[in-house]
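Colleague: This is the structure I have questions about; it appears just below.
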């Protein structure tokens, strides 16, 4: 596995079907990351200071911290 990562703050780095690490709202305090595949991109703007909000294929919603290449 390649360990290259892109920031999740820029929308163009994120596409449907790509593997990402997200932080869910209830994990913001602990910083626990959830890994998964993007099903939907929920943020409309081109960037967001806390990360682009996405929904994973598992249904979990959170802000992208890293895009795994």
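Colleague: Is it the case that some residue within segment 6-19 is in contact with a helix residue (DSSP H, G or I) (Cβ under 8 Å, 6 or more places away or on another chain) and in contact (Cβ under 8 Å) with a residue 12 or more places away in the chain?
Modeller: yes
Colleague: Which ones in segment 32-47 are out of contact with any helix residue (DSSP H, G or I) (no Cβ under 8 Å at 6 or more places or on another chain), part of a loop (DSSP other than H, G, I, E, B) and within 17 Å of residue 18 (Cβ to Cβ)?
Modeller: Hit for segment 32-47 is 42, nothing else.
Colleague: For the subset of segment 1-26 comprising residues that are part of a helix (DSSP H, G or I) and exposed (fewer than 14 other Cβ atoms within 10 Å of the Cβ), which member is farthest from the chain's Cα centre (by Cα)?
Modeller: It comes out as 26.
Colleague: Is it the case that residue 63 is at pLDDT 95 or above and surrounded by fewer than 12 Cβ atoms within 10 Å (Cβ to Cβ)?
Modeller: No; evaluated as a whole, the condition is false for this residue.
Colleague: Let me ask something else. If you go through segment 49-69, how many residues are within 14 Å of residue 25 (Cβ to Cβ) and in contact (Cβ under 8 Å) with a residue 24 or more places away in the chain?
Modeller: Selection size over segment 49-69: 10.
Colleague: Within segment 48-60, take every residue that is under 9 Å from the mean Cα position of the chain (by Cα) and in a loop (DSSP other than H, G, I, E, B) and give me the one that is surrounded by the fewest Cβ atoms within 10 Å (Cβ to Cβ).
Modeller: Top of the filtered list is 51.
Colleague: Restricting to segment 22-31, name every residue that is farther than 13 Å from residue 9 by Cβ and either touching a residue at least 24 places away in the same chain (Cβ under 8 Å) or in contact with a helix residue (DSSP H, G or I) (Cβ under 7 Å, 6 or more places away or on another chain) (or both).
Modeller: Matches in segment 22-31: 24, 25, 27.
The values are calculated or read from the model by the stated rules, or taken from the named source; none is laboratory data. Bear in mind the structure is a predicted one, so any value in this text is a computation, not a measurement. Quick reminder, even Gly has a Cβ in these numbers, built from the backbone with ideal geometry, and neighbours come from all protein chains shown.
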